[in-house]
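A quick write-up on the structure given underneath.
Every read-out reported here was derived from the displayed coordinates using simple, explicitly stated rules and does not represent laboratory data. Since the structure is predicted, the reported quantities are computational estimates derived from the model, not experimental observations. Please note: Cβ atoms are built from the backbone with ideal geometry, for glycine as well, and neighbour counts cover all protein chains shown.
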Amino acid sequence: MTEHEHGSSHLVISSNQRRLLIALAITGLMTVVELAGGLVSNSLALIGDAGHMFTDTLALGLSFFALSLAKRPATQTKTYGYYRAEILAALTNGVVLILVSGYIFYESYRRLVTPPEVHGGLMVIVAAVGLVANVVGISVLRFGRTRNLNVKGAFLHMLSDTLSSIGVIAAGAIILLTGRTIADPIISIVIALLILRGAGGLVLESINILLEAVPKNLDVSQINNAIREIKGVRDVHDVHLWAITSDIYAISCHLLIQDQMVSNCTRIVDDVNQMLSQKFGISHSTLQLECEECESSPVCHIGGEHEV
């Protein structure tokens, strides 16, 4: 990775940190507000939602810490730096969301069996304040969620809080109008299913990056064909494509070229790197040049024409 690209990554990280800090302040404040409102109104739904927001506050703090760690430079023992800390935080956030969903299912079952006494009016007012705060948090995080898996995890936490607030408002309104407290656990189950869906996707994306799978927005065949179109490249094989973190991609491959001067080889490498960066957003590459096809490695034809 070039110095310019490294600096650009730091700018993106700093921008994401500011977004997370704003979201962290919002969730921390609303945790206190909803806990106080739940105690005063005797609303288990609000107290449970406050616990949900407290969990999210911890998760956002973890995300902020991971981004701070990711800005640290590479070392002799960590040659890629600490970018993977973001993925570990995203994976943790996804697992926490799944656990939160499980807790909501459990609490919903308890309330179906024994519906609690709830003051619907105060419940709706406090949940409405939480809804406004969460909408602000979502608007802050939505710009960074598409490029950074860690910010996406934080965004999903805020989104789950928003859904919870909507559910609490709906349940409170039904309780006020009909007196049927069973609305609370039924809506909570729907919310938990939506949270579980988003969390499952986040966990799978994080695991794919940790397993160094091909990023879902890149296609190995397209990259191979693009490399073969570079003047001087006869073939490409032993292609390995992975993500260092959610928005930094890397590739290693063997290029089969004609026997020629070293200066021409340098031109080929430069052309391939420029194409990979501009067309596919791949900022880190390791290219091995060969004049004869490699036969020494059992995986040497991965991504090549001989792949089976």
Evaluated at q = 0.14 Å⁻¹: base-10 log I(q)/I(0), Debye formula over Cα of the range 20-92: -0.54
Leu218/Gln260 FRET efficiency (R0 22 Å; Cβ-Cβ; nearest 0.05): 0.15
At 1.306 mPa s and 10 °C, Stokes diffusion of the range 89-128 via Kirkwood alpha-carbon radius, µm² per second: 129
Convex hull projection area averaged over all views, the range 153-226, Cα basis, nm²: 6.6
Just to verify a number: FRET efficiency for Glu229 and Tyr80, C-beta to C-beta distance, R0 = 30 Å, to 0.05? 0.55
Using a Förster distance of 25 Å, the FRET efficiency for Arg197-Leu112 (Cβ separation, nearest 0.05): 0.70
Kirkwood hydrodynamic radius, computed over distinct alpha-carbon pairs, for the range 3-210: how many Å, to one decimal? 17.6
